[in-house]
Each structure stands twice: as C-alpha cells, then as structure tokens.
Amino acid sequence: MSAAGEPEPPDELVVKLRAAADRLLAGTPLHSSGKLTVLDLAREAQVKRWLLTHKYPNRLMAKYQAEFKAAQHKPEPVQAAERTIEALREALAKARKEKRRLTDLVHTYAVMIEQLAQERAEAINERDEALAARDAAFGVTALPAQPRDTRDRNARKPMRKCDPQPGPFE
C-alpha cells in the first residue's frame, strides 16, 4: 500500500489499461468512441470505471490523465500543418463553389444557344417561304439550286496538261 492508502493495482489490470491507452493514443479504438478520457479508457480496457476513479485514482487515473493531456498538446509544426490544411480545405470549398457556378452558367449558355439556333432556323424558313411567295406572286421562277460542294468543285476544276508547243527557238 502507498502512503495515500491506495493498494497496488494488479498486473492484469495494468496490462489491459496500457493496451487500451495505446489503442486510444494510436486512434484505433476497439470498444469505445476513441476520446482521450478516463471513461473511454475504462470502456476500451473493458474494466469498471470506478477502478480508475475510486480504487486507483492516484496510481492509474492521474497517470493516464496526464498522458492523454500531453498527447492532446500539439507541437508548432503540427499546428502549422493543421492551419495549412484548413486553408487548403477552404480554398477547395471555394473552388468547388466556383465550379458549380460556372457549370450552371455553361448550362444556361447552352440552353440559350440552342434556343437562338432554333429561332434562327425558324427565321430562315420564314424568309424562304416569303421569298417563294413573292416570286410566285410576280411569276418569277428560280433556277434549281446547285449543291454547294458541286459548285465549289466546278469552280476549282484542274487544268489539263498539254504537250508543250515547240517555241521558235527550239
């Protein structure tokens, strides 16, 4: 027994608590929520909480509370990395929001282009019908339209090669 009247904890309990504390510190709990508390330590070790809080408060509970408190304190490089991570998360959220806005804008433009193309096609049809009605009213007959590719091909007809004519000096 110690001076405070607290008995020495059994070795089996100490081993269970050490294994449970190691799992909690590593972030791999099996039987608890993973918080660094005495309550979760007892759950993780699958022992009664009162063993830590009442039977061995100085030998076990105080030891693990100090260890958990030290584990929660983060060194400056870790804090700087966490700040950088948070800034990157905010930048990513902003970029995703901008992407959604631009995607919506592109969709709106696509709908507008489709509507304008349809209106243009309707206007061309109306114009062609009006021209046909005008020509019919004046008795004008239009020449049959030649397909564009035929006109283009005829306009660029290759010239035939001829035998060279002998010149006066040959």
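Points to keep in mind about this one:
- From the list THR53, THR103, THR37, the one residue that fits, being on the phi < 0 side of the Ramachandran plot, among the hydroxyl-bearing types (Ser, Thr, Tyr) and out of contact with any helix residue (DSSP H, G or I) (no Cβ under 9 Å at 6 or more places or on another chain), is THR103.
- Matching residues, region 100-142, being open to solvent by 100 Å² or more (accessible area, probe 1.4 Å), at pLDDT 95 or above, over 32 Å from the mean Cα position of the chain (by Cα) and acidic (Asp, Glu): GLU119, GLU126
- Residues (more than 12 Å from LYS16 (Cβ to Cβ), outside any helix (DSSP H, G or I) and open to solvent by less than 80 Å² (accessible area, probe 1.4 Å)) located in region 34-62: GLY34, LEU36, THR37, TYR56
- Within region 56-74, the residues that satisfy the criterion of being closer than 22 Å to THR28 by Cβ, in contact (Cβ under 8 Å) with a residue 12 or more places away in the chain and touching a helix residue (DSSP H, G or I) at 6+ places or on another chain (Cβ under 9 Å) are LEU60, TYR64, GLN65, GLU67, PHE68, ALA71.
- Test result for ALA145, of a type in the set (A, V, I, L, M), assigned to a helix (DSSP H, G or I) and open to solvent by less than 100 Å² (accessible area, probe 1.4 Å): no
- Matching residues in region 7-33 - criterion: being without any contact (Cβ under 8 Å) to a residue 24 or more places away in the chain, under 39 Å from the mean Cα position of the chain (by Cα) and surrounded by 11 or more Cβ atoms within 10 Å (Cβ to Cβ): ASP22, ARG23, PRO29, LEU30, HIS31, SER32, SER33
The values are calculated or read from the model by the stated rules, or taken from the named source; none is laboratory data. Remember, predicted model here, so these are calculated numbers, not experimental data. Ideal geometry is used to build each Cβ from the backbone, glycine not excepted, and the neighbour counts take in all protein chains shown. All accessible areas refer to the heavy atoms of the entire protein, side chains included, with ligands and DNA or RNA removed. Shrake-Rupley method; radii C 1.70, N 1.55, O 1.52, S 1.80 Å.
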